[in-house]
Amino acid sequence: MSGGVTAILLAAGSSRRMGFDKLTLPLAGRTALEYALLAFLRADVTDFLIAVSDATRPLAQSLAERYGKPGLRIRLVEGGAARGDSVYNALLLAEGEAVAIHDAARCLAEPSVILDSIAGALARGSGVAALPPRDTIWQSETAVLERDTLLAAQTPQSFDRSRILAAYEAARQAGVCATDDAAIYRRAYGEVHFTPGSPRNQKLTTPADIALFEALLTRRACRSGFGEDTHRLVQGRALVLGGTEIPFELGLLGHSDADVLTHAVIDALLGAAALGDIGIHFPDSDPRYKGICSLELLSAVNGLLREKGYLLCNLDATIVAQRPKLAPHILAMRQNLARALCCDVARVSVKATTPEGCGPEGELVCITARCVCSLEEYEP
Ligand code: MG
């Protein structure tokens, strides 16, 4: 699946039943809007429109900056007063052959649900994720509805873009509004094609849902990683540790800024994800990395991990250095690393120890850093 599909993530609702904006609430450390975006990235969708409100615009903007890159476009569109207005505004900007319209509050959608929905749109004009209800459904205490005839519509609801746009324009002209896109499509064309939804693909709606969603989100594998690096101390180089330049008569020798702490962190993260090591991703034979700030490399690794569905749980690093005294700089290092990792500083621990004059670190030949980390593996 690729540029032929535009995902429309609806993030402009008022969250009335939640009482506060549900899409910006961190669930197991990440917001629902970010999980929704990750779900579509895992389905290899590369073109996004996020319909935003005042409440969700800053978050959507930061996600667009964090995840957007060449070949992956994330645009924001103003949401409307009603859901249908937001969809219509987005449809006017969409360019894919198909559009996958999705409530961002359904942030746990599996890639298979998304891919089936899109495949329906490409093959038959529409693919609406839906699920037979498990419960007996009563109609206002008067009648039990025949369960075999019922389907609960979820999202994504995917359509041929030009057909759903025409259907929306016709509905708007007739003054018809509907709470889902399938109804608008059916009104125009008399049919809708359904694709398999899933029980996990629920909509975050009430405060009681938060614990349920977090339980589902935290049911992920945990992975550990370890990284170690040593750089030689020489004259005439800056001493950079964790992105902080520290006044000292010696500095670390290396192709990049030789930030030994950040390198150990990078190797721990890559190791936890079994994605190789820093030398594979950023070879020191490559002139692009000459003198580079290693925090930029860490940012790139963070992006890679997030794309693969790994989220940092925590990391803990130790610097082995005889001198200089590092305690005054520890907080700045933690803040730098946390910024590059887009996480809270509480997830990042940095410590320093002196080797009591023993070994090459003790004799000021080198500085060594070691890091362990744990990642949560996101498995929709
Ligand atoms: Mg190194």
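The values are calculated or read from the model by the stated rules, or taken from the named source; none is laboratory data. Keep in mind it's a predicted model, so treat the numbers as computed, not measured. A quick note on method: Cβ atoms are made from the backbone with ideal geometry, for glycine too, and the neighbour counts reach across all protein chains shown. All accessible areas refer to the heavy atoms of the entire protein, side chains included, with ligands and DNA or RNA removed. Shrake-Rupley method; radii C 1.70, N 1.55, O 1.52, S 1.80 Å.
With the requirement that a residue be more than 27 Å from Leu305 (Cα to Cα), free of Cβ contacts under 8 Å to residues at least 40 places away in the same chain and away from the ligand (no atom under 12 Å from the Cβ), what does region 246-278 give you?
Correct list: Glu249, Gly251.
If Gly4 meets every condition in (1) surrounded by fewer than 17 Cβ atoms within 10 Å (Cβ to Cβ); (2) touching an Asp or Glu at 6+ places or on another chain (Cβ under 6 Å); (3) under 26 Å from Glu214 (Cα atoms); (4) not hydrophobic (A, V, I, L, M, F, W, C) apart from one, which number is that one?
(3)
Give region 225-237 a look and list any residue that's out of contact with any Leu (no Cβ under 8 Å at 6 or more places or on another chain) and away from the ligand (no atom under 14 Å from the Cβ), or say none.
Listed by number, the residues that qualify are Phe226, Gly236.
Within region 147-175, can you find the residues that are touching a residue at least 40 places away in the same chain (Cβ under 8 Å) and assigned to a loop (DSSP other than H, G, I, E, B)?
Leu151
When you scan region 272-294, how many residues do you find that are surrounded by fewer than 21 Cβ atoms within 10 Å (Cβ to Cβ) and either in contact with a strand residue (DSSP E or B) (Cβ under 7 Å, 6 or more places away or on another chain) or within 19 Å of Arg347 (Cα to Cα) (or both)?
Of the residues in region 272-294, 1 are surrounded by fewer than 21 Cβ atoms within 10 Å (Cβ to Cβ) and either in contact with a strand residue (DSSP E or B) (Cβ under 7 Å, 6 or more places away or on another chain) or within 19 Å of Arg347 (Cα to Cα) (or both).
Just wondering, is there one or more residues in region 98-107 that are at pLDDT 95 or above, among the aliphatic types (A, V, I, L, M) and open to solvent by 10 Å² or more (accessible area, probe 1.4 Å)?
Looking through region 98-107, none of the residues is at pLDDT 95 or above, among the aliphatic types (A, V, I, L, M) and open to solvent by 10 Å² or more (accessible area, probe 1.4 Å).
Against the conditions (1) touching a residue at least 12 places away in the same chain (Cβ under 8 Å); (2) open to solvent by less than 60 Å² (accessible area, probe 1.4 Å); (3) outside any loop (DSSP other than H, G, I, E, B), where does Pro355 fall short? Just the number, please.
Among (1) touching a residue at least 12 places away in the same chain (Cβ under 8 Å); (2) open to solvent by less than 60 Å² (accessible area, probe 1.4 Å); (3) outside any loop (DSSP other than H, G, I, E, B), Pro355 violates only (3).
With the condition kept exactly as written, say whether any residue in region 36-53 is more than 27 Å from Ser162 (Cβ to Cβ), aliphatic (A, V, I, L, M) and buried (at least 24 other Cβ atoms within 10 Å of the Cβ).
The answer is no, given that none of the residues of region 36-53 is more than 27 Å from Ser162 (Cβ to Cβ), aliphatic (A, V, I, L, M) and buried (at least 24 other Cβ atoms within 10 Å of the Cβ).
Please count how many residues of region 301-329 are aliphatic (A, V, I, L, M), part of a helix (DSSP H, G or I) and in contact (Cβ under 8 Å) with a residue 40 or more places away in the chain.
First pass over region 301-329, keeping only residues aliphatic (A, V, I, L, M): 301, 304-305, 311-312, 315, 317, 319-321, 326-327.
With part of a helix (DSSP H, G or I) added as a condition, the list becomes 301, 304-305, 327.
Checking the rest, the ones that are also in contact (Cβ under 8 Å) with a residue 40 or more places away in the chain come to 305.
Total satisfying the criteria: 1.
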